[in-house]
1. Return the residues of the range 199-221 that are open to solvent by less than 10 Å² (accessible area, probe 1.4 Å), touching a Lys or Arg at 6+ places or on another chain (Cβ under 8 Å) and among the hydrophobic types (A, V, I, L, M, F, W, C); say none if nothing qualifies.
2. State whether the residues of the range 46-65 include one that is of a type in the set (G, A, S), under 14 Å from the mean Cα position of the chain (by Cα) and at pLDDT 95 or above.
3. Go over the candidates I42, I29 one by one and state the one that is crowded, with 23+ Cβ neighbours inside 10 Å, of a type in the set (V, I, T) and assigned to a helix (DSSP H, G or I).
4. Restricting the range 382-394 to residues that are part of a helix (DSSP H, G or I) and over 17 Å from G296 (Cβ atoms), which is most open to solvent (accessible area, probe 1.4 Å)?
5. Pairs please, first residue from the range 151-170 and within 17 Å of L234 (Cα to Cα) and assigned to a loop (DSSP other than H, G, I, E, B), second anywhere and open to solvent by 20 Å² or more (accessible area, probe 1.4 Å) and of a type in the set (S, T, N, Q), Cβ atoms under 9 Å, 6+ apart in sequence or on different chains.
6. Return the residues of the range 50-97 that are of a type in the set (S, T, N, Q), buried (at least 18 other Cβ atoms within 10 Å of the Cβ) and assigned to a strand (DSSP E or B); say none if nothing qualifies.
7. Among residues belonging to the range 109-149 that are in contact with a Phe, Trp or Tyr (Cβ under 7 Å, 6 or more places away or on another chain) and small (G, A, S), point out the one that is farthest from R184 (Cα to Cα).
8. Go through the range 123-148 and give me each residue that's assigned to a loop (DSSP other than H, G, I, E, B) and in contact with a Lys or Arg (Cβ under 6 Å, 6 or more places away or on another chain).
Amino acid sequence: MNRIQFHDRAAMNRLREAWRTAKSEGLRIVHVGDSHVQGGAIHHELRSVLWPELGNGGHGLLFPYSAAKTYAPRSYRSSHRGSWTYGKSWRLPAELPLGVTGMSVQTRNPDASFTITFRSPVPDDWRALRIYCERDRKSYDLKIDSGGRTTSVRIRPKGEDKRPYVDVLLPRIGRSLRVRMRRRSNRQKRFELHGMTLESVNPGGLVIHNAGVGASRFRAILHEEHFESHLSSLEPHLVMVEYGTNDYLYEDRIKPELEGEIRESIARIRRAAPQAMILLVSAQDLYRKSKNIASGVTYSDLLHRVAADEKTAMFDWYWISGGGRTLRAWRDEGLARKDLIHLTSKGYRFKGRHLANALRETFEWMDANPDRAQLVLDREPLKRALAAMPSEEEIAAQTALAERPAPLEGAVTYRVRSGECLSGIAMRHGVTAQEIMRWNNMKSRRIHAGTELQLVVAKE
């Protein structure tokens, strides 16, 4: 199942050609989604795996997440000074206009600043900085400290130049970027930031833009005012769209309006980046309050139907990762967190490797099957196998029955009274606590009033 399924070979051919020429011409990926995306572990793995093959084109999107009171991706830390307000795409309508990053921050403090500190050394050629911000007469100018140098940046009002960003060529790059406000006149009242990108000054290489926002839903794309202008300026070859968890986790159902939101989102992406391949990513198996969420199958089916109609591609992570009722096994292997919703860093890296391999192997399949117009895999055997599994309640009852201790010869039944402990019971009956635990298949000494224990008491 670990393939990129597609219905439009022409779009896949464009992506495959960009892959082949990435070192000289560049390959740009934009990944929008929820908390599974924002953490950035997937992108960290993709960069590690693919940069040696495709070239290092730079980091991609950056954002001062601390100013928005949220967590930064794995590749850097953020900090800030001064008072900032923020808007995020999970809370709609947002307090500030949003762009492709799904977050915005604003300060009215001329002494405010923010700092991006990378966790690993930064290549010397990462000096092309692009700042997506509100460009008008009220905006502060900026000073940017990097590599021991300071660069002054004028935020000029939009005139004939309608671009939603300002480009800056840094003289040097170190391990951090500090952005400070610069107020030159009383007209300058605030600074509003929608995100930044940091790329290589050299042509070519892979750039991955992380545009994830925790807790967001598919409708986020429809409420981001600057989404199309920002996405267009990023010139992506591939746009990965990964929502769903927050769309059906809480009620375990697919709401009627979701399909329309997905199709409208695809239309917005197409208007902004008509040559890009759009890749829909299904959500993994989920639990809430220890109950398995069954709607993952329905959501996968919905994305496949939309992908067929809209001629997009599909990375069906739901089935690739094992399908329904498998996340507990991921947790037991250290790949999923205890909340049974999110993966661990190790789990997301595992997912990133699968995605890289899926792209490579799909391109190989295309080379081996030049006449095939589409690649669609059969999910029906997997769906039948899941439907045939006993319910989790039945499995729990079978497990409890199997773990019930077999009757012991000569044993008596003792009902635990309030306030009793295992050691006291053992002492009164002339046995050890370890023996009681063995007779009753106990994994701990903890007992409760009303619990029935088997005791083998020696006859006098």
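1. Passing the criteria: L206, V207, I208, V213, I221.
2. Here is the first cut: in the range 46-65, the ones of a type in the set (G, A, S) are 48, 55, 57-58, 60.
With under 14 Å from the mean Cα position of the chain (by Cα) added as a condition, the list becomes none.
The answer is no, given that none of the residues of the range 46-65 is of a type in the set (G, A, S), under 14 Å from the mean Cα position of the chain (by Cα) and at pLDDT 95 or above.
3. Details: I29 fails: assigned to a helix (DSSP H, G or I).
After ruling out the rest, the residue left standing is I42.
4. Looking only at the range 382-394, we keep the residues that are part of a helix (DSSP H, G or I), and these are 382-388, 392-394.
If we keep only those that are over 17 Å from G296 (Cβ atoms) as well, we get 393-394.
Details: E393: 137, E394: 96 Å².
Among them, the one singled out is E393.
5. K162/S229; R163/S229; R163/S233; P164/S229; P164/S233
6. Applying the first criterion (of a type in the set (S, T, N, Q)) to the range 50-97 yields 56, 66, 70, 75, 78-79, 83, 85, 89.
So of that shortlist, the ones also buried (at least 18 other Cβ atoms within 10 Å of the Cβ) come out as 56, 66, 70, 75, 78, 89.
Residues satisfying the conditions are N56, S78.
7. Within the range 109-149, the match that is farthest from R184 (Cα to Cα) is A112.
8. Within the range 123-148, the first condition is being assigned to a loop (DSSP other than H, G, I, E, B), and the residues that meet it are 123-125, 134-138, 140, 147-148.
Across the range 123-148, the qualifying residues are R135, R137, K138, Y140, G147.
The values are calculated or read from the model by the stated rules, or taken from the named source; none is laboratory data. As the structure is a computational prediction, the values presented were derived from the model and not from experiment. Methodologically, a virtual Cβ is constructed for each residue, glycine included, from the backbone with ideal geometry; neighbour enumeration extends over all protein chains shown. Remember, those area values only see protein heavy atoms, side chains included, never the ligands or the DNA or RNA. Shrake-Rupley method; radii C 1.70, N 1.55, O 1.52, S 1.80 Å.
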